[in-house]
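Notes for the one structure printed next.
No value in this document is a laboratory result; all are computed from the given coordinates. None of these values were measured; they are calculated from a predicted model. Neighbour counts run over all protein chains shown; Cβ positions are idealised from the backbone, glycine included.
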Amino acid sequence: MFALSAQFRDPINLSIGQPDFPVPESIKADLCKSINENRNAYTPTEGILPLRQKLAGIIDQQFGPNPLRRALVTSGTSGALTLALLAIVNPGDEVIYFDPYFVMYPAIVELAGGVSVPINTYPNFQPNIERLKAAITPRTKMIILNSPSNPTGICCGENEMRLLAELTAEKGICLVSDEIYSRFNYDSPHLSPATWNPNTIVIDGFSKSYAMTGLRIGFVHGPAEIIDVMAELQQFTFVNAPSPVQWSAIGALDLDMHAEVDRYRHQRNALIDGLQKHYEIETPGGAFYAFPKLPNGHSGETFLQRAIEHEMLVIPGTVFSQCDSHFRISYAVDDRTLERGIEVLSKIAKCST
Ligand SMILES: Cc1ncc(COP(=O)(O)O)c(C=O)c1O
């Protein structure tokens with residue numbers, strides 16, 4: 001997509017999975033300061049103490065103090081996800097996740113030798129607890145939840161989340177909650193299944209919250225005995241998250257990002273207003289994605305071809321799903337790009353009916 005958009009004169013790029021605002025100035029200043037003060041060496045694999053202490057304070061505030069819960073700073077959220085899978089999943093173990101899913105999940109399950117068990121959540125993209133119960137077998141080791149979701153932007157409902165958390169606690173199945181979009185909730189406060197299942201492994205990061213995708217830092221917290229194994233694996237793989245980035249992350253946690261979130265809420269509203277008369281589309285409550293149904297007669301491939309004719313880029317749903325029925329839009333773009341995108345998408349839908 002990056003290569004394709006480089007060929008266009010004035011692309012309408014709705015394919016990018018990262019914020020369109022720059023890294024906040026104070027983070028950049030702290031990063032430069034850390035480099036210039038020679039904080040560029042290895043750090044403890046768990047992360048520098050001041051950052052871990054700060055994270056521990058935030059985690060205690062959210063979930064209440066729990067001496068059995070520990071935090072680990074990782075090389076991006078991807079690093080935390082990879083370590084969690086490698087630490088917990090043995091060859092042949094089944095890992096359930098919800099379809100549509102983040103692209104990395106099938107790959108890391110395979111990397112760990114596990115067996116992917118995707119559960120269809122169409123058409124409303126909420127985990128269906130009966131479908132989930134039916135998919136659980138004696139080999140089910142882990143369930144991965146991602147709320148708000150990439151690619152749908154849907155936030156898991158409180159009832160579904162509580163039932164999922166209670167079910168995993170009751171059955172002793174490891175619940176991994178990918179909460180990388182925790183700061184991007186537009187209609188209600190962020191919810192975590194760790195509220196109902198204290199053994200949940202919560203994965204979060206700085207990539208989306210502070211537009212730090214290239215700086216590679218994330219964190220995970222969960223039961224100490226699992227986090228300790230993940231730390232040991234990190235010691236022999238990623239070693240540590242980049243040192244100056246860790247120092248800059250401390251101040252990041254104090255930043256108020258409400259203006260950016262408010263702007264994305266506004267973009268979300270504009271997108272839904274513009275598209276809902278032409279597309280079947282669930283209103284996303286978070287992240288910065290929407291996942292509309294393809295117009296009549298289109299596959300992901302033919303739709304992408306039509307989009308490319310208009311110098312527009314979106315991502316076909318098959319990248320995130322076993323179904324070829326939807327496509328992903330990222331609305332983390334400027335107003336003009338969004339307006340042009342809505343116009344082109346409306347035109348394509350009208351031509352298909
Ligand atoms: C749901 C989800 N999890 C994890 C990641 C990976 O993020 P990071 O850049 O922190 O590795 C992404 C990035 O797009 C994502 O959408």
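Rounded to the nearest 5, what % of DSSP beta bridges with both residues in the range 163-316 are antiparallel? If we restrict to bridges inside the range 163-316, about 60 percent are antiparallel.
Packing around the peptides 206-212, 126-132, taken as the average count of other Cβ atoms within 10 Å per residue, puts them in this order, highest first: 206-212, 126-132. Per the Debye formula on identical point scatterers at the alpha carbon atoms of the range 17-88, with no solvent, log10 I(q)/I(0) at q = 0.18 Å⁻¹ is -1.04. Using a cut-off of 15 Å between beta-carbons, work out the net charge of the residues near Val95 (Lys and Arg +1, Asp and Glu -1, Val95 not included). So the surrounding residues net to -2.
Amide hydrogen proximity for Ile315: with H placed 1.01 Å from N in the peptide plane, the residues at 5 or more positions away or on another chain lying under 5 Å are Arg328. Taking amide H as placed 1.01 Å from N in the peptide plane, the amide H of Thr140 sits under 5 Å from that of Glu94, each at least 5 places away or on another chain. Residue pairs exceeding 26 angstrom between C-alpha atoms, taken from Lys54/Lys133; Lys28/Lys208; Lys293/Lys347; Lys208/Lys277: Lys54/Lys133; Lys208/Lys277. Computed about the Cα centre, the dipole magnitude for the range 217-317 is approximately 400 debye when only Lys and Arg (+1) and Asp and Glu (-1) carry charge, each at its Cβ. Packing order of peptides 160-169, 5-14, highest average first: 160-169, 5-14 (average count of other Cβ atoms within 10 Å over each peptide's residues). The value given for the chain is a Kirkwood hydrodynamic radius of 21.0 Å, derived from the mean inverse Cα-Cα separation. Only helical runs count toward this figure. For the chain, summing -39,500 (n - 2.57) over DSSP H runs of n ≥ 4 and dividing by all residues gives -12500 deg cm²/dmol at 222 nm.
Each part reduced to its alpha carbon centroid, the range 190-256 and the range 266-281 end up 33 Å apart. Each other residue within a Cβ distance under 13 Å of His190 adds +1 if Lys or Arg and -1 if Asp or Glu, for a net charge of -3. Taking a sphere under 15 Å around the Cβ of Asn150 and counting the other residues whose Cβ falls inside, with K and R at +1 and D and E at -1, yields a net charge of -1.
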